[in-house]
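The values are calculated or read from the model by the stated rules, or taken from the named source; none is laboratory data. Since this is a predicted model, take the numbers as computed values, not measurements. When we count neighbours, we look across all protein chains shown, and the Cβ atoms used for this are built from the backbone with ideal geometry, even at glycine.
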Amino acid sequence: MLIRLLVLIGLLLGWQSAQPVAAAGAEFTLQPAAKADQQQGYFKFRAQPGDHRDVSVIITNTSAAAKTYHLNVVNAGVSANGQLTYTPDAHLTKTSGPLLPAMVTFPQKTVTIPAHHSQAVTATLTVPATTFVGERLGAIAVTAAAPATNNQNALQNRFTMAVPLDVTIAQAITTRPQLTLTKAGFAKARVSADLANHTARLFGEITLNAQVRNAAGKVVTTQKLTKAQMAPNAIMALAIPLSAAKLAPGRYQLAVSLTSGQQHYQLSDHFTITAAQAQAAAAKPTAAALPWWVYGLIALVAALVAVIVWLLLRRPRHDHRA
């Protein structure tokens with residue numbers, strides 16, 4: 001089986017110096033191309049509809065052999081613990097205007113770099129001549145190609161690194177972000193729900209408190225996140241552990257409060273835990289059954305041991321006394 005390991009280095013906004021992104025075992029680094037007006041470790045600028053901007057990154061191959069790298073642009077998302085992520089499968093709400101992957105093009109999406117060499121790759125950001133405004137947040141992602149091998153079962157490490165790209169089009173949106181809480185449900189001893197930011201604006205420094213209450217209003221579990229962030233138009237998939245000992249069939253409420261500065265939100269959604277779900281969650285996991293041949297092998301070994309013991313007991317005993 002081909003196992004593909006993806007180690008994605010998510011760079012958080014707020015770095016003060018342009019330092020190469022690196023990870024142990026990756027054998028390459030990634031950083032923004034040095035410019036007089038670009039000293040931070042990510043790209044951040046304002047643009048107008050119809051603008052064209054060049055965005056350059058430097059890839060350094062630190063290995064002892066030539067390597068091939070794939071370039072891509074991904075949207076920013078948010079993890080279940082409220083941290084920004086840069087992955088191809090970011091979960092986003094619908095928004096007017098194109099997202100970053102549709103606005104950034106590369107002269108070539110694959111580059112091969114000799115051992116111990118660096119190469120700059122320049123992408124072009126083209127803002128459509130439309131009237132949409134707001135923030136677009138994502139990253140330029142570089143993935144090391146898997147080495148060629150004839151062994152399909154070999155473990156192949158494919159490292160991905162990212163440099164965030166934050167573009168404000170026309171003007172920043174300063175209105176209060178629109179948040180919703182939907183799709184609350186229960187499965188696998190967890191309460192899940194979608195907390196969505198419907199505004200093209202980064203929403204950060206969030207203190208989030210989630211409570212699960214039963215039909216009587218009693219709090220059965222809580223979760224708290226501090227310094228959480230939500231990318232523009234990102235959906236945060238909440239996952240709140242719920243102990244099987246506290247479960248009973250019935251209707252429950254998920255109440256979420258969020259505070260960021262002077263902004264406060266109170267959101268809620270309801271879900272139902274069925275008798276079958278409560279019983280399944282409370283059931284103790286059973287040990288997986290072993291294949292039949294394992295039991296057969298155990299029986300065979302036991303039989304052989306019994307035969308050997310029987311033969312040893314039947315051996316004639318010789319008297320060696322003088």
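Numbers for the structure displayed
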item	result
Residue match in segment 169-182 (condition: in contact with a Phe, Trp or Tyr (Cβ under 9 Å, 6 or more places away or on another chain), at pLDDT below 90, β-branched (V, I, T) and within 30 Å of D54 (Cβ to Cβ))	yes
Close pairs (9 angstrom Cβ cut-off, 6 or more residues apart or separate chains): on the phi > 0 side of the Ramachandran plot and surrounded by 17 or more Cβ atoms within 10 Å (Cβ to Cβ) in segment 49-74, of a type in the set (K, R) and assigned to a loop (DSSP other than H, G, I, E, B) anywhere	none
In segment 78-93, the residues that are in contact (Cβ under 8 Å) with a residue 40 or more places away in the chain and either surrounded by fewer than 14 Cβ atoms within 10 Å (Cβ to Cβ) or touching a Leu at 6+ places or on another chain (Cβ under 7 Å) (or both)	V78, A80, N81, G82, L84, Y86, T87
Complete set of residues in segment 245-266 that are part of a strand (DSSP E or B) and surrounded by 12 or more Cβ atoms within 10 Å (Cβ to Cβ)	G250, Y252, Q253, L254, A255, V256, S257, L258, T259, S260, Q263, Y265
Residue that is of a type outside the set (V, I, T), over 22 Å from the mean Cα position of the chain (by Cα), closer than 24 Å to A26 by Cβ and assigned to a strand (DSSP E or B), where the choices are Q119, Q108	Q119
Any chance V307 is in a helix (DSSP H, G or I) and modelled with pLDDT under 75	no
Where G204 falls short, out of the listed (1) modelled with pLDDT under 95; (2) over 22 Å from H91 (Cβ atoms); (3) assigned to a strand (DSSP E or B)	(2)
